[in-house]
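Student: Let me begin by handing over the structure; questions about it come next.
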Amino acid sequence: MKILTLTINDVSHSKAVPPTMTLLDFLRDEVGLTGTKNGCDSGECGCCTVMVGGKPMLSCLMLALDAEGHEVTTIEGIAKGNDLHPVQEAMVEKGAIQCGYCTPAMVINGVHLLDNNDSPTDDEVKECISATVCRCTGYNSIERAIHSAAEKMREKQHG
Amino acid sequence: MVDLTKGYPDKGYKIIGKPVPLMDSRAKVMGQALYTDDIRLHNPLTIKILRSPHASANILSVDVSEALALKGVKGVLTGADFKNTFGVLTISKDEPALARDVVRYEGEPVAAVAAETAEIAARALDLIKVDYALTDGVFDSRKALKPTEHPLHPELGRKNNLHKKVVQEFGDMAQGFEAADVVVEKRFRFASINHAFTEPHATQVEIDNKGNITVYSATQVPHYLHMAMAEVLEIPEHRIRIIKPHLGGGFGGKSDPFPHEMIAAKFALDLGRNVKLKFSREEVFFSHHGRHQTDLTMKLGFSKDKGITALGLDTLIDGGAYGSFGIVTTYYNGVLLQGPYKVPNFRFHVERLYTNKPMCGAMRGHGGVNPRFASEVLLDMACAETGLDPAETRLKMIHKENTLTTNEYRVTSVGLRNGLTEAIRRTNWHDKHDKLPFGKGIGVACGFFISGSALPIHWNKLPASTVRITIDHDGGVTVFSGATDIGQGSDTMLAQMAAEVLGQPLENVKVISADTRTTPVDLGSYSSRVTFMAGNASRNAAIRMRRLLVQAACELMEMIPPKYDRPEPPEDFFRQGGRKPDFEKGFLGANPDYTDGFIFEDGLIRSEKHNASVTFLEAVEKALEQEGILQVSGTYRAPKMGGKFKGSGAGLSPSYSFTAFIVEVTVDPETGFIKVDKATCAHDCGFPLNPLAVNGQIEGCIHMGLGQALMEEMIYDNGATQNPSFLEYKIPSAFEQPEVDIVPTYSDDSEGPFGAKEAGEGILAPIIPAIANAVYDAVGIRLTQLPMRPDRVVAALEREQKGGAKA
Ligand code: FES
Ligand code: FES
């Protein structure tokens, strides 16, 4: 057991964890943030994607202890209170959510892309979601949502 | 903004027909929606399952003593702990919760451990000693037909591994083929495929101090699970409460009661502790229940003027180790060919075999997908041979409204002709088909599907669906339904029904669903039954509620309440007399308008005639005076229908959906790689209740169809699953998904709720043959084996070049 101190969604958590514990298990079982999903536990599905140090990471493939020193953002940390992030808003509006199991990861993917690129091309959008499996939507509506969020964010920025 | 209602008639509805985001979207997009594994019970034990490493073996002994002795282990179960077997169909309850004496597939549950932590449970599994004596397995449906002394299921008393055989014949096949201008015949083969939902199976069980259990489970069929569990655990149903939390995709893969659900409940009861269990992705593939591996030979007779003259098929489907929905699948492999075109002479022969592989069951498009591929490819060949245009030919052949199929299905609404006509126009079909450069192609295919099965799978006289609606003193409406939202949005659909009828904003309607303690029985989410059946039940309940409120409003306004010339729904909603539909008279339908001279809007109930009104709330208060609660129920049952022959109930549905796809592809002859560039879809789902949700179903079906067409296959080696992971079982990514164009297509179904029919499954089947037909248009090869892998394309092209285009 080691004491891990981790800032997750701006809140600092200190817990004793076994060295083998994944970040995913830490988030879900130790901190109780169950918004991040476990679709395979072995790096295949992408449903466990969270932001570590500003980058999307598969939390099932990362040891909790390895996240030490990095800010972690999960789906619970994306909205500001009741205000959805434009990507979240667009996902709702565009019907990009069916069963919703991939949704937290898709949001993280989209937010990260738009943080770094305010006018992504079709291929860039596809690329950013391609590591996450969605079995329900066929991805079309998720792509539409990310494009539409980009547009909204651009409008906001440029007045 | 694209207007998703464009192209559909405006019927003056306020909520029906509008694109509304699914009502749980916000919770899902914020990570707040709780799926089964997200629930935190007090101090639960963790369950792990020991699975057989062999596909076929006798269990000589199971020694659990060391596992039980491990500190932290609270219990171990083996096959000896369960007396009753189970299955979703009453006629094939052949599956044990834990294997007893024999294992029939690799991955079959043999023992289970409940321990204080997951680590201890995992360690305990290693300590269980199972002594197996390997036996000869059967891994191929053809071999399963051969006589054997040791069939997988000796209880059937057969001398081979046949599970179910169905042969039906209508008309005169010989005459039908005689009347044909061309007869085409081919053998087709299909790999088994997996649902690949993203949420692995999970179950948690909570037990109270009286020994009653609440089962949280990722299931599409809470009601069937309830019944099966009571039987397996040998306790009354009232001691069990099944709740389906948010569900991460089903597609048919969570529509059976499962062994792990029985195991979890048994541990909770035996140990008096809360328990939890979740599958690894590998376990999902082991447990499978996917689309059957299929080997079918089909023969089609076609006449230039008359269309299809005869259709015959011989099919073997590989069921794997247990029954699941297999008997239904066996029928569906034949009967679902009775549309979208008239087939005057029709014969099918389908056999489902048991093999030592993970079982197959229901998967989106259940049983209809593979034969649809064959028939649509053969039809394309027939058109090519007779020089007819395959799109225009199909257009002419689509069922007319209000017809009876050869096997006596009652086809009522058909909206596909307009949709396909528009798809032909939009895609510039006539400029492209047979005219594109080598490597580019365009193809068409059609399909049809049931909107729920008219008959229940457990015979009973209860309604197929019942919905309860209550209104609180503050006017809040709650819809209680056993229907199972599996991500398709059925909760939203139920709320739309009530909101529209009661003139309430959607936010004022809450839905409580899929909880066997609080919600009335609905049979579950399978066979595309929910919109039609639970939707009608919700609408009927809302109409009853409306009448109570109108009554109360009239009392307040001192008016004589309207006389309804019809009794309350649903009693007279169908002409129940006789099985033969009277198309002349038409159907009263479950879709009567509820105009009563009152308008419910803006929080008011207004009499049109007297120009007087009371508030909705005043009426609610008045209506509450008598009983103190305001509650009604509404039901749906399918009208009597169907032929009088054995098996006539299979595929019988109160209505059918129709679909057409035109698909454009690029085929690289060097690599054999097929790229689907564009899919244009026309799907007649009656009147679309929520175009946003319908379009989502279309795009999702394209994804799944594309997967089966191009890349997905379960690979087995002597029964051993070779690709139990998403890395090895590839599903299409955003890069493979084509551009999608959805042609607004509709009909007004006289019995569907607000005219609606199914939109979740029928869409899937025709995209696959449309791709194959486009590949033919592109490079001149007929692919008869799925998936259409690049190596198969290259091999077929080589054969074609050598002159013998025999695929
Ligand atoms: S759970 Fe991490 S990739 Fe699937
Ligand atoms: S919405 Fe179901 S997996 Fe994406």
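Student: Report, by residue number, each residue of region B:736-766 that is farther than 18 Å from B:Phe661 by Cβ, of a type in the set (D, E, K, R) and crowded, with 24+ Cβ neighbours inside 10 Å.
Tutor: Once the filter is applied, which keeps residues that are farther than 18 Å from B:Phe661 by Cβ, of a type in the set (D, E, K, R) and crowded, with 24+ Cβ neighbours inside 10 Å, region B:736-766 yields B:Asp749, B:Glu751.
Student: Among the strands (runs of 3 or more DSSP E) confined wholly to region B:245-340, which include 1 or more residues that are among the hydroxyl-bearing types (Ser, Thr, Tyr) and buried (at least 24 other Cβ atoms within 10 Å of the Cβ)?
Tutor: Working: elements: B:275-278, B:293-303, B:307-320.
So the answer is B:293-303, B:307-320.
Student: Can you tell me which residue in region B:526-566 is surrounded by the most Cβ atoms within 10 Å (Cβ to Cβ), limited to those that are β-branched (Val, Ile, Thr) and within 36 Å of the chain's Cα centre (by Cα)?
Tutor: Of all residues in region B:526-566, those β-branched (Val, Ile, Thr) come to B:530-531, B:543, B:550, B:560.
Next cut, within 36 Å of the chain's Cα centre (by Cα) only: B:530-531, B:543.
Values: B:Val530: 29, B:Thr531: 32, B:Ile543: 25.
Here the answer is B:Thr531.
Student: Tell me which residues, restricted to region A:58-75, are assigned to a helix (DSSP H, G or I) and buried (at least 21 other Cβ atoms within 10 Å of the Cβ). Can you show your working first?
Tutor: Going residue by residue through region A:58-75, those that are assigned to a helix (DSSP H, G or I) are A:64-67, A:75.
Answer for region A:58-75, where residues must be assigned to a helix (DSSP H, G or I) and buried (at least 21 other Cβ atoms within 10 Å of the Cβ): A:Ala64, A:Ala67, A:Ile75.
Residue-wise test of (1) surrounded by 22 or more Cβ atoms within 10 Å (Cβ to Cβ); (2) modelled with pLDDT of 95 or more; (3) over 13 Å from B:His292 (Cβ atoms).
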{"position": "B:Lys357", "(1), (2), (3)": "yes, yes, no"}
{"position": "B:Cys360", "(1), (2), (3)": "yes, yes, no"}
{"position": "B:His366", "(1), (2), (3)": "yes, yes, no"}
{"position": "B:Ser375", "(1), (2), (3)": "yes, yes, yes"}
{"position": "B:Leu378", "(1), (2), (3)": "yes, yes, yes"}
{"position": "B:Pro390", "(1), (2), (3)": "yes, yes, yes"}
{"position": "B:Leu395", "(1), (2), (3)": "no, yes, yes"}
{"position": "B:Thr403", "(1), (2), (3)": "no, no, yes"}
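Student: Here's a check for you: in region A:93-114, which residue that is more than 16 Å from ligand 1 (Cβ to nearest atom) and within 19 Å of B:Phe197 (Cα to Cα) is farthest from the other protein chains (Cβ to nearest Cβ)?
Tutor: My answer is A:Ala96.
Student: Looking at B:Ala174, B:Ala228, B:Ala180, can you tell me which residue is of a type in the set (Gly, Ala, Ser) and either more than 30 Å from B:Val343 (Cβ to Cβ) or within 16 Å of ligand 2 (Cβ to nearest atom) (or both)?
Tutor: On the way: B:Ala174 fails: either more than 30 Å from B:Val343 (Cβ to Cβ) or within 16 Å of ligand 2 (Cβ to nearest atom) (or both); B:Ala180 fails: either more than 30 Å from B:Val343 (Cβ to Cβ) or within 16 Å of ligand 2 (Cβ to nearest atom) (or both).
Going through B:Ala174, B:Ala228, B:Ala180 in turn, the sole match is B:Ala228.
Student: Across region A:115-133, what is the total count of residues that are within 7 Å of another protein chain (Cβ to nearest Cβ) and within 9 Å of ligand 2 (Cβ to nearest atom)? If you could, list the steps in order and put the result at the bottom.
Tutor: Start the filter on region A:115-133 by keeping residues that are within 7 Å of another protein chain (Cβ to nearest Cβ), which leaves A:126, A:129-130, A:133.
Those still in the list that are within 9 Å of ligand 2 (Cβ to nearest atom) too: A:133.
The qualifying residues number 1.
Student: Moving to a separate point now. Could you check, for region A:67-77, whether at least one of its residues is in contact with a Cys (Cβ under 8 Å, 6 or more places away or on another chain), within 9 Å of another protein chain (Cβ to nearest Cβ) and within 16 Å of ligand 1 (Cβ to nearest atom)?
Tutor: Kept after step one, since they are in contact with a Cys (Cβ under 8 Å, 6 or more places away or on another chain), are these residues of region A:67-77: none.
No, region A:67-77 contains no residue that is in contact with a Cys (Cβ under 8 Å, 6 or more places away or on another chain), within 9 Å of another protein chain (Cβ to nearest Cβ) and within 16 Å of ligand 1 (Cβ to nearest atom).
Student: Ok, one more. For the subset of region A:1-39 comprising residues that are in contact with a Gly (Cβ under 8 Å, 6 or more places away or on another chain) and in contact (Cβ under 8 Å) with a residue 40 or more places away in the chain, which member is surrounded by the most Cβ atoms within 10 Å (Cβ to Cβ)?
Tutor: Initial filter on region A:1-39 (in contact with a Gly (Cβ under 8 Å, 6 or more places away or on another chain)): A:8-10, A:33-37, A:39.
Within this subset, residues satisfying the condition of being in contact (Cβ under 8 Å) with a residue 40 or more places away in the chain are A:8-10, A:33, A:35-37, A:39.
Working: A:Ile8: 20, A:Asn9: 17, A:Asp10: 9, A:Leu33: 23, A:Gly35: 25, A:Thr36: 25, A:Lys37: 30, A:Gly39: 27.
Applying the filter and picking the extreme gives A:Lys37.
Student: Let me ask something else about it. Restricting attention to region A:40-57, which residues are within 11 Å of chain B (Cβ to nearest Cβ), more than 6 Å from ligand 1 (Cβ to nearest atom) and surrounded by fewer than 19 Cβ atoms within 10 Å (Cβ to Cβ)?
Tutor: A:Ser42
Student: What's the number of the condition B:Leu313 fails, among (1) assigned by TED's automatic domain parsing to the domain that holds B:Asp94; (2) hydrophobic (A, V, I, L, M, F, W, C); (3) closer than 28 Å to B:Glu392 by Cβ?
Tutor: Going through (1) assigned by TED's automatic domain parsing to the domain that holds B:Asp94; (2) hydrophobic (A, V, I, L, M, F, W, C); (3) closer than 28 Å to B:Glu392 by Cβ one by one, B:Leu313 breaks only (1).
Student: Do we find a residue being surrounded by fewer than 23 Cβ atoms within 10 Å (Cβ to Cβ) and in contact with a helix residue (DSSP H, G or I) (Cβ under 6 Å, 6 or more places away or on another chain) anywhere in region B:448-459?
Tutor: The answer is yes, given that some residue of region B:448-459 is surrounded by fewer than 23 Cβ atoms within 10 Å (Cβ to Cβ) and in contact with a helix residue (DSSP H, G or I) (Cβ under 6 Å, 6 or more places away or on another chain).
Student: Something else now. Which of the strands (runs of 3 or more DSSP E) found entirely inside region B:17-97 contain at least 1 residues meeting this: within 14 Å of another protein chain (Cβ to nearest Cβ), closer than 29 Å to A:Asp29 by Cβ and touching a residue at least 12 places away in the same chain (Cβ under 8 Å)?
Tutor: Details: elements: B:45-51, B:57-63, B:73-78.
In region B:17-97, the matching strands (runs of 3 or more DSSP E) lie at B:45-51.
Student: I've got another one for you. Taking region A:1-39 on its own, how many of its residues are under 26 Å from B:Ser280 (Cβ atoms), in contact with a Phe, Trp or Tyr (Cβ under 9 Å, 6 or more places away or on another chain) and away from chain B (no Cβ under 13 Å)?
Tutor: 4
Student: If you go through region B:700-718 one residue at a time, do you hit one that is surrounded by fewer than 23 Cβ atoms within 10 Å (Cβ to Cβ) and among the aromatic types (Phe, Trp, Tyr)?
Tutor: Within region B:700-718, none of the residues are surrounded by fewer than 23 Cβ atoms within 10 Å (Cβ to Cβ) and among the aromatic types (Phe, Trp, Tyr).
Student: Checking the condition farther than 27 Å from A:Ala96 by Cβ and within 12 Å of chain A (Cβ to nearest Cβ), which residue from B:Asn695, B:Asn723, B:Asn690 passes? Even if it seems obvious, please write down each step before you answer.
Tutor: Working: B:Asn695 fails: farther than 27 Å from A:Ala96 by Cβ; B:Asn690 fails: farther than 27 Å from A:Ala96 by Cβ.
So the residue among B:Asn695, B:Asn723, B:Asn690 that is farther than 27 Å from A:Ala96 by Cβ and within 12 Å of chain A (Cβ to nearest Cβ) is B:Asn723.
Student: Also, I was wondering about something else. Inside region B:634-646, can you point out the residues that are surrounded by fewer than 18 Cβ atoms within 10 Å (Cβ to Cβ) and touching a residue at least 40 places away in the same chain (Cβ under 8 Å)? Lay out the reasoning, then the answer.
Tutor: Going through region B:634-646, the residues surrounded by fewer than 18 Cβ atoms within 10 Å (Cβ to Cβ) turn out to be B:640, B:644-646.
Of everything in region B:634-646, those that are surrounded by fewer than 18 Cβ atoms within 10 Å (Cβ to Cβ) and touching a residue at least 40 places away in the same chain (Cβ under 8 Å) turn out to be B:Lys640, B:Lys644, B:Phe645.
Student: Moving on to the next point. With respect to the numbered conditions (1) surrounded by 24 or more Cβ atoms within 10 Å (Cβ to Cβ); (2) farther than 23 Å from B:Lys644 by Cα; (3) among the β-branched types (Val, Ile, Thr), which one is the sole condition not fulfilled by B:Thr386?
Tutor: Result: B:Thr386 fails condition (1) only.
Student: Of all the residues that make up region A:101-139, how many are surrounded by fewer than 24 Cβ atoms within 10 Å (Cβ to Cβ) and of a type in the set (S, T, N, Q)?
Tutor: Here the count works out to 5.
Student: Mind checking which residues of region B:187-242 are over 27 Å from B:Leu727 (Cβ atoms), assigned to a strand (DSSP E or B) and among the basic types (Lys, Arg)?
Tutor: Result: B:Arg187, B:Arg241.
Student: Of the residues B:Glu169, B:Glu155, only one is surrounded by fewer than 19 Cβ atoms within 10 Å (Cβ to Cβ) and assigned to a helix (DSSP H, G or I); which? Step through it out loud before you land on a result.
Tutor: Details: B:Glu169 fails: assigned to a helix (DSSP H, G or I).
Answer to the selection: B:Glu155.
Student: Now for a different question. Can you find, within region A:77-93, the residue that is nearest to A:Val31 (Cα to Cα) among those that are touching a residue at least 24 places away in the same chain (Cβ under 8 Å) and part of a loop (DSSP other than H, G, I, E, B)? Before you say what the answer is, go through the steps one by one.
Tutor: Of the residues in region A:77-93, the ones touching a residue at least 24 places away in the same chain (Cβ under 8 Å) are A:77-78, A:85-87, A:89-91, A:93.
In the following step, the residues that additionally are part of a loop (DSSP other than H, G, I, E, B) were identified as A:78, A:85.
Values: A:Ile78: 17, A:His85: 23 Å.
Filtering first and then ranking leaves A:Ile78.
Student: What do you reckon, is B:Gly107 under 12 Å from B:Ser52 (Cα atoms) and either over 36 Å from the mean Cα position of the chain (by Cα) or part of a loop (DSSP other than H, G, I, E, B) (or both)? Give the derivation first.
Tutor: Details: under 12 Å from B:Ser52 (Cα atoms): yes; either over 36 Å from the mean Cα position of the chain (by Cα) or part of a loop (DSSP other than H, G, I, E, B) (or both): yes.
It is true that B:Gly107 is under 12 Å from B:Ser52 (Cα atoms) and either over 36 Å from the mean Cα position of the chain (by Cα) or part of a loop (DSSP other than H, G, I, E, B) (or both).
The values are calculated or read from the model by the stated rules, or taken from the named source; none is laboratory data. Since we're looking at a predicted model, the values are computed, not measured. Every residue, glycine among them, receives a Cβ derived from its backbone with ideal geometry; neighbour counts consider all protein chains shown.
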